[in-house]
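Chemist: Please find one structure pasted underneath; my questions will follow.
The values are calculated or read from the model by the stated rules, or taken from the named source; none is laboratory data. This one's a predicted model, so the numbers in the text were calculated from it and none came from an experiment. In this analysis, Cβ positions are derived from the backbone assuming ideal geometry, glycine residues included, and neighbour counts consider all displayed protein chains.
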Ligand code: ADP
Ligand code: MG
């Protein structure tokens, strides 16, 4: 398990950071997005998806109500999930996350709703506001678990 923290001074910094993470991802990677409501999880996912789509204007709605949105992108398919409203195990099974298209990358908000289901190899990005900083400031702690620990070491060195 390897971690580092990045300071994001504003939304543009989050957008740039999302592009860096996008470039470090490989097909099949599993990414969890943690943090309170309004911390910036969806904003980050939207920036990452738009970067990989090569289109800064494609709609990337929050999956709060659908729980899942799929994006067929050139490098790999992305599944953007938000488990905030997940009702339980049955609904999790219905989402089909156990049975994704080959090489799909998952970006999952509120992973704590399925903590005992998560794969051992994953990257977590934990977004936080800081009461002593500007409103647009966030910091994000990047943690690599299992085989993705080494990947996070490499991202940290960028
Ligand atoms: P979450 O998905 O974590 O609930 P959202 O991404 O939906 O959060 O909302 C984050 C809000 O914070 C958005 O309104 C966004 O414009 C704002 N924001 C301000 N600064 C930042 C930043 N540095 N990074 C991400 N979002 C930011
Ligand atoms: Mg969200």
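Chemist: With (1) more than 19 Å from residue 122 (Cβ to Cβ); (2) over 14 Å from the mean Cα position of the chain (by Cα); (3) modelled with pLDDT of 95 or more as the list, and residue 15 as the residue in question, which single condition is left unmet?
Modeler: Of everything listed in (1) more than 19 Å from residue 122 (Cβ to Cβ); (2) over 14 Å from the mean Cα position of the chain (by Cα); (3) modelled with pLDDT of 95 or more, residue 15 misses just condition (2).
Chemist: Then there's this: For region 111-158, give me each residue that is within 16 Å of ligand 2 (Cβ to nearest atom) and touching a residue at least 60 places away in the same chain (Cβ under 8 Å).
Modeler: 111, 112, 124, 125, 126, 127, 128, 129, 138, 140
Chemist: If you go through region 49-81 one residue at a time, how many are within 16 Å of ligand 2 (Cβ to nearest atom) and either part of a loop (DSSP other than H, G, I, E, B) or within 19 Å of residue 129 (Cβ to Cβ) (or both)?
Modeler: Number of matching residues: 9.
Chemist: Look at region 27-48 and say how many of its residues are part of a loop (DSSP other than H, G, I, E, B) and in contact with a strand residue (DSSP E or B) (Cβ under 6 Å, 6 or more places away or on another chain).
Modeler: Number of matching residues: 4.
Chemist: Continuing with the same structure: Taking only region 82-93 into account, find how many residues are outside any loop (DSSP other than H, G, I, E, B) and either loosely packed, with under 11 Cβ neighbours inside 10 Å or in contact with a helix residue (DSSP H, G or I) (Cβ under 6 Å, 6 or more places away or on another chain) (or both).
Modeler: 2
Chemist: Report yes if some residue within region 45-53 is more than 10 Å from ligand 1 (Cβ to nearest atom), more than 22 Å from residue 111 (Cα to Cα), without any contact (Cβ under 8 Å) to a residue 40 or more places away in the chain and loosely packed, with under 14 Cβ neighbours inside 10 Å; otherwise report no.
Modeler: no
Chemist: Sticking with this structure for a sec: Can you pull out every residue in region 96-110 that is crowded, with 16+ Cβ neighbours inside 10 Å, away from ligand 2 (no atom under 16 Å from the Cβ) and part of a loop (DSSP other than H, G, I, E, B)?
Modeler: 100, 104
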